[in-house]
Structures are given as C-alpha cells and as structure tokens.
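Data first, discussion second: the structure below is written as structure tokens.
The values are calculated or read from the model by the stated rules, or taken from the named source; none is laboratory data. In this text the structure is predicted, and so the values were computed from the model without any measurement. Reconstructed Cβ throughout: ideal geometry from the backbone, glycine too, with neighbour counts over all protein chains shown.
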Amino acid sequence: MELTKRSGDFQRSVISYSIFTGDQETLAQNQTLFYTGSPIFALYATLDVTEFREKFEVQVPDLEQIIRQAKEKASPEAQNVQIYPIYITPIRFETEEALLTSPEDIVNTGNYPNPELCEKAIKLGLDFFLLQLDKQLYGDSSELSLTQTEDTTPALTHEDFREKSLMQHLIHEYVSPMLYAIKSEDESSANALRQRFLNFARGSHFAADVIELTDLLLNGSVGPIVDAYLKKIDAIHTENYELAGIERDKIKRLKTSP
C-alpha cells in the first residue's frame, strides 16, 4: 500500500484504489458493494461536505451524532483516535492512467485476484490515508496538551456552538491572536494557536477548511480570502450549504487571482 500521488501536505480529498486481476466473468457474477463495472475498484473520499454534495448531487446527513455514538462505543484505547466526518462513494475509472490524472491524493492498495480482497484493500487505503493525515496535523494525540487550558478547564469545541454562529468566536479566539503572533514574529505562539484551532475543529464538517485557513494565516494571508474562509466555515456549521458553496467559489477565485 502506498500513497502514489501527493503534493506537499495531504489534500482534503483522496482516491483509494485496487485492481482486480482475476477472471472478468467471475467478477461480473460476484459483484461487491464497490463494483462499478470496471476492474478498477476505487473509492473517492473527501473531508469537504460542500464539494461532495455538489460533485455527486447527494444529500449528506448530519454525521455529528454518528461520530459521538462511535466514540462512546469505542474502547478506552480508541477514544483518542481521530474520527473524521468523511464522505465516501465508489467512483468509476476505465483505466489506471485516467485515475492517476485526478487532482486528489491517490492511494494504491495493490492488485488482487479476488473482488472481496479488492474491496477490503481500498477501505484499508482510506484508513491509511486518514492515519497519515491525523499524524501530520496532530502528532501523537497522547502528547497533546492544548485541548485543555492552563486551569484544566476543558477547552470549547465546535459542539459547544450548536445552532450558534461561530464567526466571532473564531475571530476572537484564533484568527486575531494568530495574526498578532505572526506580526510579532512569535512563531511558537502562532503554531500553538494553530494547534488549538485544529483541536477545536476536530470531528467537524469544516475541519478541512480550518486546516487550509490556518496554513494561509501562517503564510501571511490576510483580507478577503480569510474572510471568505470564515464565512464558509460558519455556513457549513449552520448547514447553510448554498452560502458555503458561494464562499467556496469565492475562495477558488481569490486563490487564482494575481
């Protein structure tokens, strides 16, 4: 299993694939859940609820309750493992060459003569991708201390703002302090604030946007693009996906403008 395509940091979307090398007639007779009519078994997955809704024209249910239930049922050892709201669907490719031109990160999970093994492999590919992403963002979760304040009072998370706007909280607690730390050339404080922001967004539908926003802030971005990210995050949080799509398109334009 290997990440065959990656540009710098992990992207918000990934394709995990395997190739069936057995008899095609057998494949047609033993269709699995992820069989699309091609010998290439592929799953598209993204952390971006807005992209998923529009790319596949589907309604995405609220996964927050599912995430909480999964954590409650998990063993004590698994409680610290990150659970992302990730949106997954089988996707069809006729050739491996066509698949490798996709803009997403790509995980090659191998070739197998059994369709069930192909299906199992691509699901493991997604687990591998999320594990690498989690390590990149959070490191060893057992060593994180930023989830609590100095007086050991539990830090707020996005779940504390249900049915409430996040905008002012994000600006006051994370964005403005990060900008001040960066302006003061206090790299340590800026990185610590980024970590707190990421922890706040863990398990949310807008986690991917917070990752991108904090990267932009650390690189010195200010102005309209930061405002657009904040509006998109708030829109996703309040399930205003039409507005989230508008802000996403604005972000794309701002990224490509000189």
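Out of all the residues in region 206-217, which are assigned to a helix (DSSP H, G or I) and not acidic (Asp, Glu)? Scanning region 206-217 gives ALA207, ALA208, VAL210, ILE211, LEU213, THR214, LEU216, LEU217. Within region 221-252, which residues are of a type in the set (A, V, I, L, M, F, W, C) and under 21 Å from PHE197 (Cβ atoms)? Across region 221-252, the qualifying residues are VAL222, ILE225, VAL226, ALA228, LEU230, ILE233, ALA235, ILE236, ALA244, ILE251. Applying a threshold of 6 Å to beta carbon distances and a minimum spacing of six or more residues, or different chains, the list of pairs starting in region 98-114 at a residue that is closer than 17 Å to PHE20 by Cα and ending at one that is assigned to a loop (DSSP other than H, G, I, E, B) reads LEU99/PHE93; THR109/MET1; ASN111/THR21; PRO113/THR21; PRO113/GLY22.
Could you go through region 135-157 and let me know if any residue there is modelled with pLDDT of 60 or more, assigned to a helix (DSSP H, G or I), within 17 Å of the chain's Cα centre (by Cα) and surrounded by fewer than 16 Cβ atoms within 10 Å (Cβ to Cβ). Scanning region 135-157 turns up at least one residue that is modelled with pLDDT of 60 or more, assigned to a helix (DSSP H, G or I), within 17 Å of the chain's Cα centre (by Cα) and surrounded by fewer than 16 Cβ atoms within 10 Å (Cβ to Cβ).
The strands (runs of 3 or more DSSP E) found wholly in region 1-116 and carrying at least 2 residues that are at pLDDT 75 or above and small (Gly, Ala, Ser) occupy 13-20, 40-46.
Only one entry of GLY220, GLY245 meets the criterion of being at pLDDT below 90, more than 14 Å from the chain's Cα centre (by Cα) and part of a helix (DSSP H, G or I), and that entry is GLY245. Taking region 161-205 and the helices (runs of 4 or more DSSP H) fully enclosed by it, the elements with 1 or more residues that are buried (at least 17 other Cβ atoms within 10 Å of the Cβ) and of a type in the set (Lys, Arg) are at 187-201.
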